[in-house]
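First up is the structure itself, then whatever we jot down about it.
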Amino acid sequence: MVEVLRPLPDFAITWVDTGPERFPAAIPGGVTALPAPDPARALALAPQDAEVLILTYSHELDLALCHAALARGQGRIGLIGSATKWTRFRSRLAQLGHAPATVARIACPIGNPALGKHPQAIAVGIAAALLTEQGEEITARQDRTG
């Protein structure tokens with residue numbers, strides 16, 4: 001994901017992972033690496049309008065990050081996962097006290113599932129979705145200002 005997004009303009013990337021050993025020896029330029037034993041707590045460092053992409057190795061960690069991002073009122077949240085995972089998560093997030101409209105702020109699955117499940121295809125699909133959203137926001141701003 002980092003390698004696909006890094007060269008694109010207007011994206012500031014902070015790569016959060018549970019420990020420094022999980023990062024490659026060389027972090028790409030323009031990327032901030034943030035080792036955080038509890039990534040959900042690291043969300044407090046993110047700007048309120050940051051796009052939060054949840055792409056972890058653990059459903060438990062994914063859920064904790066979704067819960068924290070919703071509780072914080074994070075603007076946009078994307079979660080990698082299947083329809084089955086999303087059904088479970090919606091139920092569990094409701095049990096944690098999040099209203100259905102709040103939970104609906106999470107996009108799951110992110111990207112374009114039609115591109116396949118290969119990690120690079122997922123990354124390209126996510127990048128395309130982010131660029132599309134960015135383009136739509138720019139167009140909407142231009143339309144408002146005439």
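Just to be sure I understand the filter: pairs with C-beta atoms under 7 Å, separated by 6 or more residues or on different chains, first member in the stretch 63-74 and closer than 16 Å to Thr87 by Cα, second member open to solvent by 40 Å² or more (accessible area, probe 1.4 Å) and among the hydrophobic types (A, V, I, L, M, F, W, C). Which pairs pass?
That search, which allows pairs on different chains as well, returns His67/Leu96.
If you go through the stretch 1-24 one residue at a time, how many are free of Cβ contacts under 8 Å to residues at least 24 places away in the same chain and among the aromatic types (Phe, Trp, Tyr)? Spell out how you get there, then give the answer.
So in the stretch 1-24, the residues free of Cβ contacts under 8 Å to residues at least 24 places away in the same chain come out as 7, 9, 12-13, 15, 17, 19-24.
Filter again for among the aromatic types (Phe, Trp, Tyr), leaving 15, 23.
Count: 2.
Restricting to the stretch 73-105, what's the tally of residues that are closer than 20 Å to Gln48 by Cβ and of a type in the set (A, V, I, L, M, F, W, C)?
Here is the first cut: in the stretch 73-105, the ones closer than 20 Å to Gln48 by Cβ are 73-79, 93, 98-99, 101-105.
From what is left, the residues that are of a type in the set (A, V, I, L, M, F, W, C) are 77, 79, 93, 99, 101, 103-104.
Of the residues in that region, 7 qualify.
So which pairs qualify, if the first residue must be in the stretch 25-37 and in contact (Cβ under 8 Å) with a residue 60 or more places away in the chain, the second must be open to solvent by 80 Å² or more (accessible area, probe 1.4 Å) and not in a strand (DSSP E or B), the Cβ gap must be under 9 Å, and the two must be at least 6 apart or on different chains?
Hits for this filter: zero, empty list.
The values are calculated or read from the model by the stated rules, or taken from the named source; none is laboratory data. These numbers come from a predicted model, not from an experiment. Positions of Cβ are backbone-derived with ideal geometry, glycine not excepted, and every protein chain shown enters the neighbour counts. Surface areas here come from the heavy atoms of the whole protein model, side chains and all, with no ligands, DNA or RNA. Shrake-Rupley method; radii C 1.70, N 1.55, O 1.52, S 1.80 Å.
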